[in-house]
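*Asks:* Quick one: structure below, then a few questions.
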Ligand code: UDP
Ligand code: MG
């Protein structure tokens, strides 16, 4: 009998929790020789999500939950899920039913065929605006250009992971998590299966453009130091150009006796150099900021309640696995 834990990060998902459970139960009922359990992570919701999950947990033995002390974000929620899930495999799924439960049987089939990481690949991004799609495109392209490994395109967090992958992911304790990249980083045998993203069942998305942009910067700075290298190259190129121009100005002044350089040229060079310097400082700052956050070594999340029990860090039950 295979044991699979379904990890569901929830933030203000009160309206869908119940429906999520019943739809997944229906979709998985036909899978032979497989016991499913659920691990809901309530990421500090402000609505009745916790109550909804408790009701579910009281009614069904295969439902477990973790409640965070506040809203930590989806990445820490998934991490907690991976930390506390047991079983032979886990499935990461959004609570809003955008990830179709009907795909689970196929995922399990591929896992049983020997794949360690079976992930859903979205076939269309039609539900997204043109701007969002263009931004995504740009991100994948630049990531591809500067980084040694290839990010899986259009592959999100909807995936089945073998327990070996889970154990590997638990080793990566970085605070600023770009999970999508971490899945690629750990390696293992991957299988992509296409799926159509459904519109949200209820509620609304928490991702603004600004949040997506910062996720993209997060992705780049956590996986490659190429931008730092770029500033070095840029600096070298600008210095070389400046040297050439200096010679031109000197020769001009000494040979042709024209000591007054043009004001426009001066301004242009000044502003250009100022811009390049600020940009470089900004890039260095991004990395310095990451070093700062990671050096504090704070836990990625804090748990308030685990399966109805108050989680007491002081009593030693708080060690993050
Ligand atoms: N989520 C979370 N913490 C947050 C934001 C979101 O646990 O701070 C969960 C949310 O409940 C959902 C999943 O992450 O199950 C995906 O969130 P959302 O649907 O807002 O993102 P999108 O589908 O637009 O990428
Ligand atoms: Mg969603």
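Every read-out reported here was derived from the displayed coordinates using simple, explicitly stated rules and does not represent laboratory data. Remember, predicted model here, so these are calculated numbers, not experimental data. Note: ideal-geometry Cβ built from the backbone for every residue, glycine included; neighbour counts use all protein chains shown.
*Asks:* Considering the Cα positions of the stretch 1-130, please state its Rg to one decimal place and its Dmax as a whole number of Å.
*Replies:* My reading of the Cα-based Rg and Dmax gives 14.6, 46 Å.
*Asks:* What's the ranking of 190-197, 265-272 by average number of surrounding C-beta atoms within 10 Å, highest first?
*Replies:* 190-197, 265-272
*Asks:* Length gain on complete extension for the stretch residue 134 to residue 59, per 0.36 nm per residue less the alpha carbon to alpha carbon distance?
*Replies:* Between residue 134 and residue 59, full extension yields an extra 22.5 nm.
*Asks:* Percent antiparallel among DSSP beta bridges with both residues in the chain, to the nearest 5?
*Replies:* For the chain, the DSSP antiparallel bridge percentage is about 35.
*Asks:* Sticking with this one: Equivalent ellipsoid semi-axes for the stretch 1-76, as square roots of 5 times the alpha carbon gyration tensor eigenvalues: give them largest first, rounded to whole Å.
*Replies:* Equivalent ellipsoid semi-axes, largest first: 23, 13, 10 Å.
*Asks:* What's log10 of I(q)/I(0) for the stretch 88-184 at q = 0.14, 0.18, 0.24 Å⁻¹, Debye sum over Cα points only, no solvent?
*Replies:* -0.63, -1.00, -1.36
*Asks:* What nm value, rounded to one decimal, do you get for the distance between residue 145 and residue 256 when each label is placed 7 Å out toward the C-beta?
*Replies:* That separation, rounded to one decimal, is 3.7 nm.
*Asks:* Would you mind computing, in nm to one decimal, how far apart the modelled labels at residue 237 and residue 293 are, each placed 7 Å from Cα along Cα→Cβ?
*Replies:* About 2.9 nm separates the two model spin labels.
*Asks:* Ok, one more. State, as an integer percentage, the relative contact order of the chain based on alpha-carbon contacts under 8 Å between residues 6 or more apart.
*Replies:* 21 percent
*Asks:* For n ≥ 4 DSSP H runs only, could you compute -39500 (n - 2.57) per run for the chain, divide by its residues and tell me the 222 nm figure to the nearest 500?
*Replies:* Value at 222 nm, helices only: -16000 deg cm²/dmol.
*Asks:* Could you give the length gained on full extension between residue 212 and residue 121, defined as 0.36 nm per residue of separation minus the Cα-Cα distance, in nm?
*Replies:* Here the answer is 30.9 nm.
*Asks:* Here's something else I'd like to know. For the chain, state what percent of all Cα-Cα pairs lands in each successive 20 Å bin, counting from 0 Å until the bin that includes the largest distance.
*Replies:* 27, 49, 16, 8, 1
*Asks:* Something else about it: Give the peptides 290-298, 180-188 in descending order of average Cβ contacts within 10 Å, highest first.
*Replies:* Result, highest mean Cβ count within 10 Å first: 180-188, 290-298.
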